[in-house]
């Protein structure tokens, strides 16, 4: 009995000792440091061949219960920031019915049933997302031409998707050409939207054109 | 906190050998990464470590036994852009966190063990495995990998009794640790340790 108690006390003490001597990385992060921004693109695309863009006027919220379009202060901040940095990169904003070269959707994605969002299926079943008809290409399907990863969702993420509308009629589909993801603490605060979008554009120097 | 800091003092066994009971030692360790570990993974020294041992005094010069320990390494790098896939980049604060738990067979030699010198120098050698837990975070998003790897340790220092002729005493030393971790392009997790601690007989 005494030996058992000693062993139990020893193991408990050692566990506390190790825990006390370990610096937990997440506890050392500020909210800003917790956020990550990932951008990816279709390497076959020459972004300078595209001159105009249009951005959806609301944000699609995707969660376990389905999806819906909203326009919160945070959503508006992301839309404004994307407009701002696209224009800074030389693109001209036009209405969605003026045959833009690039169509931009913004989505907020929250915890899914599996905890995973597979971007290869993301637009395969766009359902309530922005219908291709919105861009003037009713009947066409969205297509992800390159390999997106599978992301584990903890708090949710903001996804910014750019689609190739310029070649949609030729190819018979709407290809994804660029994606930006913002993840981490505070991404849904409107005050963080501009800095997040700026970071995504900064790490995408190829995303530029000249009129 | 004081309890935890105090508890971080751990053990290693080195003492003037007699035909006496097994010696139990506790040491506090400070560790400094070397080579590729320092340049590619974590350059910060670690003040978060401890070690301990049970040593059997074979004679006045030799002790044989078992040693185990714990060392926590951590470093946070400022925000930068990393390639995370084909045509994919991620802007993130990167954190590396490594915990090493060596479990080693150890031999200690006291060259002046037959004399009555109060301060006894010693050298030691140990070999075994280390359990290595490597966690890497981009922002708050992490992954981890745990492995057992071959480890060799060589050390030197001094040991002295609290009172002349007594078995309990103080140890001060330093050691070189080869930790054969080879994953993610890392060749090893070699590091130097400095230790201070106490030893006492188990009766």
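Taking a ≥ b ≥ c as the square roots of the eigenvalues of the Cα gyration tensor, the stretch B:18-89 is classed as prolate, since a/c reaches at least 1.5 and a/b is larger than b/c. Only helical runs count toward this figure. For chain B, summing -39,500 (n - 2.57) over DSSP H runs of n ≥ 4 and dividing by all residues gives -500 deg cm²/dmol at 222 nm. Oblate is the label for the stretch A:67-107, because the ratio a/c of its alpha-carbon gyration tensor axes (a ≥ b ≥ c) is 1.5 or higher and a/b is not greater than b/c. For the peptide B:45-55, the mean number of other protein chain Cβ atoms found within 10 angstrom of a residue's Cβ is 1.
Within 10 Å of each Cβ in peptide A:24-33, how many partner chain Cβ atoms are there on average? Round it to a whole number, please.
5
Neighbouring Cβ atoms from other chains, within 10 Å of the Cβ of residues in B:90-100, number 5 on average. Pairwise Cα distances in the stretch B:146-203 exceed 12 Å in 72 percent of cases.
Computed over the alpha-carbon atoms, chain B gives an Rg to Rh ratio of 1.08, Rh here being the Kirkwood radius from the mean inverse distance. Taking a label point 7 Å from the Cα of residue A:24 along the Cα→Cβ vector, which residues of the stretch B:115-138 have an amide N closer than 20 Å to it? Those under the cut-off are B:133-138.
Using only the C-alpha atoms, the convex hull of the stretch B:101-201 corresponds to 118 Å³ per residue.
With the Cα gyration tensor of the stretch A:1-63 giving a ≥ b ≥ c as the square roots of its eigenvalues, does the rule (a/c under 1.5 for rounded; else a/b larger than b/c for prolate; else oblate) give rounded, prolate or oblate? In terms of gyration-tensor shape, prolate.
Taking the alpha-carbon centroid of each part, what is the distance from the stretch B:114-133 to the stretch A:16-56 in angstrom? If we compute the Cα centre of each part, the gap is 46 Å.
Laboratory data are not the source of any read-out in this text; all were calculated from the coordinates shown. Here the structure is a predicted model, which is why all the values come from computation and not from measurement. All Cβ positions, even for glycine, are placed from backbone atoms using ideal geometry, and neighbour counts span all protein chains on display.
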